[in-house]
Structure formats: structure tokens, C-alpha cells
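Some notes on the structure that comes next.
The values are calculated or read from the model by the stated rules, or taken from the named source; none is laboratory data. Only a predicted model underlies this, so the values are computations on that prediction, with no experimental measurement involved. All Cβ positions, glycine included, derive from the backbone under ideal geometry; neighbour counts span all protein chains shown. All accessible areas refer to the heavy atoms of the entire protein, side chains included, with ligands and DNA or RNA removed. Shrake-Rupley method; radii C 1.70, N 1.55, O 1.52, S 1.80 Å.
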Amino acid sequence: MLAAACSEIRFDDQSDDRTLVVPLADPPPDPASSSPLAELSVTPPPGPLVKPPPPPGPAAPQMAAVDPAPPPALPPPRALAGLSMSETESELGRPAAEADRAPAKVWQYRAGECSVDVYFYLDMARNGFYALHHEARRGAILDETCIRTIQEAGRVR
């Protein structure tokens with residue numbers, strides 16, 4: 001193409017400064033008149049053009065799902081009889097209610113349907129109140145597993 005253009009270059013010899021004359025290229029043909037597709041009209045899609053999402057990068061390392069460690073197993077419930085008030089509190093937590101029922105002091109623990117009443121009586125030899133009796137109920141039924149439920153609830157508080 002460059003060689004073809006050079007063959008068209010000529011110098012104007014009629015002037016003293018030897019002017020370079022380069023003929024202009026013919027204008028490009030009108031696409032509407034020369035193309036068989038000229039009769040088709042192309043309409044751009046409506047709305048703004050949406051940039052495609054970037055190609056995915058390297059996959060992020062996936063971490064394996066790990067279940068949280070279960071809470072440490074509680075020791076089996078201690079027999080409540082013979083415990084002091086402070087020992088009972090460390091075993092079962094703070095009572096939900098306290099009552100004086102002479103000659104006893106009663107602490108009530110509750111968790112869900114379970115309730116445990118612990119009866120403390122004055123021990124003159126040790127000069128303090130100690131648990132001598134307890135009643136554990138699940139609804140209207142006496143149930144010793146309520147002590148475990150109360151113990152677990154006391155650890156959460």
C-alpha cells in the first residue's frame with residue numbers, strides 16, 4: 001500500500017521551490033450504498049452497558065467447619081445432704097428463691113420444668129445451716145435428674 005502511494009507522488013515542476021504534490025485518497029465508499037446489509041437497521045440494546053464481572057481470582061483457602069468444643073462434662077451431682085449453704089451454692093448456683101420455714105431455710109432452684117427445694121437446718125455442732133433434705137420435681141413428678149438440670153443451669157449463670 002505504501003508503494004502504491006509512492007507511485008502517485010509527483011513534484012510540481014512549474015515552481016522554483018519544487019512543491020511536493022500528494023493526491024488525496026478517494027473517500028471511502030458509502031456503506032449504505034455498497035453493502036448488502038445496508039437495509040438492516042441495528043439498534044443498540046436498551047439501557048446502559050453492563051461491565052461483565054471480573055474473572056474469578058485464585059480460590060480463597062476454605063476453612064473446615066469446626067464445631068465448638070463441648071463444655072466440660074460436669075461431675076455427677078453430689079449428694080446435697082450434708083452440704084453447707086456456700087457448698088450448695090457452688091454446686092447449684094444462686095437459688096431462684098429463698099424462704100424461711102422454721103426451723104428450716106429453703107432454697108428453691110428452677111430450670112425449665114424442673115425445680116429443686118433444698119432444706120437447710122441449723123447444726124449446733126458446726127454452728128451453721130446444712131442441707132438435710134431436698135425435693136426434686138419435674139412438673140408434679142419427683143425426679144432426681146432435675147438436680148443435673150439445675151446444676152447445668154447454675155453453671156451458665
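Tabulated data
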| item | result |
| --- | --- |
| Glu113, sole failed condition from (1) out of contact with any Lys or Arg (no Cβ under 7 Å at 6 or more places or on another chain); (2) more than 20 Å from Ala79 (Cα to Cα) | (1) |
| Members of region 126-138 that are farther than 12 Å from Gln108 by Cα and either open to solvent by 90 Å² or more (accessible area, probe 1.4 Å) or in contact with a Cys (Cβ under 9 Å, 6 or more places away or on another chain) (or both) | Arg126, Asn127, Leu132, Arg138 |
| Long-range neighbours under 7 Å by Cβ, at least six apart or interchain, first residue of a type in the set (A, V, I, L, M) within region 87-114, second open to solvent by 40 Å² or more (accessible area, probe 1.4 Å) and assigned to a loop (DSSP other than H, G, I, E, B) | none |
| All positions within region 132-150 that are touching a helix residue (DSSP H, G or I) at 6+ places or on another chain (Cβ under 6 Å) and either assigned to a strand (DSSP E or B) or among the polar types (S, T, N, Q) (or both) | Ala136, Arg138 |
